[in-house]
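What follows draws every value from the coordinates through simple rules; no lab data is involved. Source: prediction; values computed, not measured. Cβ: placed from backbone, ideal geometry, glycine included. Neighbour counts: every protein chain shown.
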Amino acid sequence: MKLAVYQISIKQAREISAWRYEPPFSLYDLSEEDCSLLWEPTNRYYSVLDQKQALIGYCCFGKEARVAGGSYSEQEPAILDVGVGMHPDKTGSGLGSNFVDAVLQFGRVQFSPAKFRVTVAAFNERSLKTFYKLGFERACEFKRSQDGIKFMQLERLA
């Protein structure tokens, strides 16, 4: 499936902020307040669409992809933090690698990093499997400061 990454629209931001995931993935739920963060261009959020222009997910780059408590000593452009979110109905359907690969290709062209870094909840085995499959390696792990949830940081050359 061919996917394309575009600047996010207000309509898409509203749709994404209404998505709800089953626990424990509800950690990734966004609020209505997050809607304005999504479509503010300086926050670098983008929509991911399929060939029919249907919204299947979103991504972000830079500080918006970071999790409180993580180690982010290396800054852009050397290393680019990447965040992804797939429509709840699409998760677990085998689209993960294609989805993430499209996001990384876009990030490589748009920002020219030397490395990519992702931060993933340690319980999110599907996501971790996808990133490992795409050549990411574990860099470190930490507990998020506000709730103690364990996260892993993975990196790979761009």
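For region 89-95, just list the computed ³J(HN,Hα) in residue order, Karplus coefficients 6.51, -1.76 and 1.60, θ = phi - 60°, integers in Hz, with x standing in for Gly and Pro.
Once rounded to whole Hz, the list reads 6, 9, 5, x, 9, x, 8.
Around Gly57, which amide H atoms from residues at least 5 apart in sequence, or from another chain, sit under 5 Å from its own amide H, with H modelled in the peptide plane?
Excluding prolines and chain starts, which carry no amide H, the hits are Val48, His87.
Could you pull out the pairs from Lys2/Lys143; Lys11/Lys129; Lys63/Lys129; Lys11/Lys133; Lys52/Lys150 whose alpha carbons sit more than 26 Å apart here?
Details: Lys2/Lys143 36 Å; Lys11/Lys129 31 Å; Lys63/Lys129 24 Å; Lys11/Lys133 33 Å; Lys52/Lys150 37 Å.
From Lys2/Lys143; Lys11/Lys129; Lys63/Lys129; Lys11/Lys133; Lys52/Lys150, over 26 Å: Lys2/Lys143; Lys11/Lys129; Lys11/Lys133; Lys52/Lys150.
Which one, Gln7, Asn98, Ser17, is farthest towards the positive end of the dipole of the chain when Lys and Arg carry +1 and Asp and Glu -1 on their Cβ?
After comparing all options, I get Asn98.
Rounded to two decimal places and with Rh computed the Kirkwood way over Cα pairs, what is Rg over Rh for the chain? Numbers along the way, then the final one.
Values: Rg = 14.5 Å, Rh = 15.7 Å.
Rounded to two decimals, Rg/Rh equals 0.92.
Antiparallel as a % of all DSSP beta bridges within the chain, to the nearest 5? Mind showing how you got there, number by number?
Values: 27 of 31 bridges.
Of the beta bridges lying entirely in the chain, close to 85 percent run antiparallel.
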